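Chemist: If you scroll down you'll find the structure; I have some questions about it.
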Amino acid sequence: MKVFRLYVVYGSLLIAGLFTATASYSQRGPNDTIRVPAHITPEGDTLEAAALPPIWMNTHTHLTREMRKKYEAWTRLRNAIYVTYPYAKAASRIINDINARLVGVTDKKKRKAIIHSREKELKKEFADRITGLSIYQGKILMKLIYRETGNNCYEIIEEYKGWFTAAFWQTVAVVFGNNLKQDYDPLGEDQEMEPIVKEVAKMYR
């Protein structure tokens, strides 16, 4: 009902504007000029064009129970992305650097030294912060890490610390209702995430 009233009000204002312009034009002399914004259609007709200010409407108080649940789920997802994206972005920078340094390095000791050199940086920057995340936020973080690096957390741990360590932490994750093998599918399961991630990513360019 409120939406209908808004349209009535703006419709009335638009009509009043047209009458005002017509009245003003009728009072002008033959050599006077009045400028009216216009739009030419593909058929060659000229129509008056007017731009109305945007209207922001909040209707979540009138949502059905099902729609409210979807809205709450979307809000939870958006908040989790805002919280975890900075960690995923910073972690991916370090992980991608490690991967670049490991290219062509086959000696196990050298690979271990490269990994260890950046492992301390990862722990120092993220250990305390990440332990404060909820299980749901942790799931979103793992998806974002996959999005930024192209590898899931299981693959990263297996590459850096070995399959036994990866398998151990995967078991722990499963016990707590999570999964280190989280992937990211922007065209499928994670289609709802992608627009939010792009929105947040603009803040870190």
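Chemist: Go through segment 121-164 and give me each residue that's closer than 20 Å to R76 by Cβ, charged (D, E, K, R) and either modelled with pLDDT under 85 or part of a loop (DSSP other than H, G, I, E, B) (or both).
Modeler: R129
Listed here are the residues, each with its yes/no results for (1) touching a strand residue (DSSP E or B) at 6+ places or on another chain (Cβ under 8 Å); (2) within 25 Å of V200 (Cβ to Cβ); (3) surrounded by 15 or more Cβ atoms within 10 Å (Cβ to Cβ); (4) not basic (K, R).
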position	(1), (2), (3), (4)
Y85	no, yes, yes, yes
I94	no, yes, yes, yes
K109	no, no, no, no
A113	no, no, no, yes
E121	no, yes, no, yes
G132	no, yes, no, yes
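Chemist: Which of the residues spanning segment 179-201 are in a helix (DSSP H, G or I) and either over 12 Å from K143 (Cβ atoms) or not charged (D, E, K, R) (or both)?
Modeler: Result: M193, P195, I196, V197, K198, E199, V200, A201.
Chemist: Mind checking which pairs have a first residue in segment 189-204 that is within 16 Å of K89 (Cα to Cα) and at pLDDT below 95 and a second that is assigned to a helix (DSSP H, G or I) and aromatic (F, W, Y), Cβ under 6 Å, 6 or more apart or different chains?
Modeler: V200/Y82; V200/Y85
Chemist: Condition test on R118, is it at pLDDT below 80, in the same structural domain as T84 (by TED's automatic domain parsing), closer than 21 Å to R78 by Cα and of a type in the set (D, E, K, R)?
Modeler: no
The values are calculated or read from the model by the stated rules, or taken from the named source; none is laboratory data. In this text the structure is predicted, and so the values were computed from the model without any measurement. Note that we place each Cβ from the backbone using ideal geometry, even for glycine, and neighbour counts take in every protein chain shown.
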